Structures are given as C-alpha cells and as structure tokens.
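Notes follow the structure.
The values are calculated or read from the model by the stated rules, or taken from the named source; none is laboratory data. Predicted model only: the values in this text are computed from it and were never measured. In this analysis, Cβ positions are derived from the backbone assuming ideal geometry, glycine residues included, and neighbour counts consider all displayed protein chains. Quick note on the areas: whole protein, heavy atoms, side chains included, nothing else; ligands and nucleic acids left out. Shrake-Rupley method; radii C 1.70, N 1.55, O 1.52, S 1.80 Å.
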Amino acid sequence: MPARTSASRAVVVSLGGSVLLTGDDDRAYLERLAELLHRIGAELPLVVTTGGGRTAREYIRLGRELGLTEVELDELGIDVTRLHARLLAARLGPPTPAHPPVTIAQAVHELPGGSPVVLGGTEPGHTTDGVAALLAVRLRAARLVNATDVDGIYDRDPRADPRARRVPRLRWPEFREAVHAAASGEAGQNFLFDRLGADTLARAGIPLLVVAGRDLENLEAAIRGRPFAGSRVE
Ligand code: UTP
C-alpha cells in the first residue's frame with residue numbers, strides 16, 4: 001500500500017443520501033463503496049459527508065405537517081444524516097472513527113489518525129454539501145467531489161426535460177447564480193448544490209466535481225483527480 005505523504009492534499013466527498021439508500025442492491029453498493037473509501041483513505045486524507053436522502057425528507061415532511069419549526073426540521077434532517085454516517089463508519093471500521101464527529105473542528109482533529117473520516121450534518125441552516133465545503137476549506141483540500149444521483153450538472157432538469165444537456169465545465173459565477181436561483185432555504189429541500197457550499201468553495205477557489213455516486217470507477221477517478229465523466233466547477 002503506498003505510504004501517505006505530507007504532500008498528499010485532502011479530498012472531501014459529499015455523498016448524497018439518495019446515493020446511499022436507493023432500494024436497489026444497497027448492500028452490494030455499500031460494500032464496494034466502503035472498500036474504495038478504505039483504500040483511498042489509506043493513501044490520502046479523505047473526509048466523507050453523508051446526506052439524509054429520502055429518509056430525511058420523509059421525516060421532514062411529517063414534521064412539517066406536525067407544525068415543527070424550520071430549525072427543528074433541520075435537526076431531524078441532521079439526525080438522519082448522522083445515522084447514515086454511523087452506518088458507513090461502522091462498515092468501514094478502523095482507522096475510521098466508529099463514532100462520527102459532530103462538528104467540523106472534531107472531524108479535522110480526527111483526520112490524521114482516522115482517514116477516511118465519515119460524518120453527517122452539523123448545525124441547522126444548510127445541508128451536508130455545506131459541511132463538506134467548510135471542511136474542504138479548513139483542510140485546504142485539493143477538490144470537493146459531490147457524489148450524487150445525477151451524472152453531472154445539466155443546463156435544465158434532466159429528470160423533467162429530455163433536451164437537457166450535461167455541462168462538463170462551469171465557472172463559479174454562473175454556477176452560484178443557478179444555485180441561488182434554485183434555493184429556498186427550507187429544510188429538506190433538494191438543491192442543485194448547497195448555497196453555503198457553493199459560496200464557500202468559490203471564495204476559496206476549491207474546484208467542485210459532480211459525479212454519479214453509484215459509478216464507483218468514475219467516483220474513484222474524480223477523487224484522485226484523474227479524468228472523469230461528470231461536471232467540474234472552478
Ligand atoms: P442533506 O445533506 O441530506 O440534504 O440534509 P439534501 O439536499 O436533502 O441532500 P441528499 O438528498 O441527501 O443528497 C438533509 C436535511 O438535513 C438538514 C437540512 O434540512 C437538509 O435539507 N441539515 C443537514 C442541516 O440543517 N444541517 C446540516 O449540516 C445537514
């Protein structure tokens with residue numbers, strides 16, 4: 001196994017909840033994903049945030065019907081993202097910390113002894129994309145890989161419009177404009193990418209790579225900074 005050198009820059013992966021639990025052979029996917037993260041995490045500092053997916057949205061929908069506040073709904077969402085982090089961390093095993101950190105500072109602190117570190121959300125008001133972006137800045141990461149259920153960024157919603165085309169390269173100003181136009185800031189909302197995340201990465205000049213999280217070969221290429229199929233924002 002190649003030794004980790006001090007020259008290896010960290011990589012942060014934001015893994016969408018919609019990728020983790022789809023109902024389509026999730027066990028085999030999680031086994032293969034864990035193997036990949038374990039292998040790469042031994043070679044470079046790697047942090048993975050896990051989203052809440054449809055489970056989080058289900059709780060948030062029910063909580064909203066019960067009259068919970070937006071902050072309380074965010075907190076429900078955070079708990080689900082942490083459940084997913086616990087599942088993945090437990091499958092990974094050592095050196096990954098068994099108890100996923102609950103703050104960005106804690107994740108940064110654990111990384112030297114525990115790559116890959118896996119964690120869910122932190123506080124209300126953003127998503128795990130935002131957590132991943134803040135971590136990327138704290139770690140001076142080489143890139144943030146957004147592993148999602150779409151294979152890149154499209155010029156319109158590919159699920160609603162067959163004319164949608166994937167955009168392989170974007171600049172931050174146009175991407176931020178699209179993210180801000182799509183976002184409402186409500187709990188459980190599915191953005192193109194988190195507003196805080198886009199603003200944070202743009203300001204720090206850290207590239208964002210968007211890939212299909214279920215295509216593990218391609219995900220590995222993106223994490224390693226090799227040519228990949230998807231979209232790149234810089
Ligand atoms: P996710 O990170 O899963 O957001 O957090 P998402 O956009 O639904 O992403 P996918 O579908 O998993 O890819 C779920 C919800 O949890 C709350 C927000 O309400 C968010 O929409 N949350 C999450 C927070 O308030 N803070 C966090 O740090 C993380």
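Things to note:
- Tail beyond 28 Å, pair distance distribution of the chain (Cα, percent): 25
- Estimated distance in nm for a label pair at GLU31 and ARG61, the labels positioned 7 Å out from Cα along Cα-to-Cβ: 3.1
- Of the solvent-accessible surface of the chain, computed with a 1.4 Å probe over protein heavy atoms with every protein chain present, carbon and sulfur atoms account for 52 percent.
- Antiparallel DSSP beta bridges within the chain, percent to nearest 5: 15
- Length-normalised contact order of the chain in % [C-alpha pairs under 8 Å, at least 6 apart]: 24
- Average accessible surface for the chain: 49 Å² per residue, computed with a 1.4 Å probe over protein heavy atoms with every protein chain in place.
- Label positions at ARG39 and ASP199, each projected 7 Å from the Cα along the C-beta direction, are separated by 3.9 nm.
- Between GLN106 and ALA229, full extension at 0.36 nm per residue minus the direct alpha carbon distance yields a gain of 41.0 nm.
- Within the chain, helices built from complete DSSP H runs that reach 30 Å or longer along their own axis (Cα positions) and carry a mean Kyte-Doolittle hydropathy of -1.0 or higher are 70-92.
- From most to least packed by mean Cβ count within 10 Å, the peptides 85-96, 211-222, 65-76, 135-146 give 135-146, 211-222, 85-96, 65-76.
- On the basis of the beta-carbon distance and an R0 of 35 Å, GLU70 and ARG163 show a calculated FRET efficiency of 0.50.
- Relative contact order for the stretch 1-84: 38 percent, from Cα pairs under 8 Å spaced at least 6 residues apart, divided by residue count.
- The chain, helix-only ellipticity at 222 nm - DSSP H runs n ≥ 4, -39,500 (n - 2.57), divided by all residues, nearest 500: -14500 deg cm²/dmol
- Largest-first ellipsoid semi-axes for the stretch 98-234, taking √(5λ) over the Cα gyration tensor eigenvalues, angstrom: 24, 18, 14
- Rg followed by Dmax, in Å, when the stretch 1-106 is reduced to its Cα trace: 15.7, 53
- Prolate/oblate/rounded label for the stretch 65-173 (Cα gyration tensor, a/c 1.5): oblate
- Look at where the Cα atoms of the stretch 116-151 and of the stretch 155-177 average out, and the two centres are 21 Å apart.
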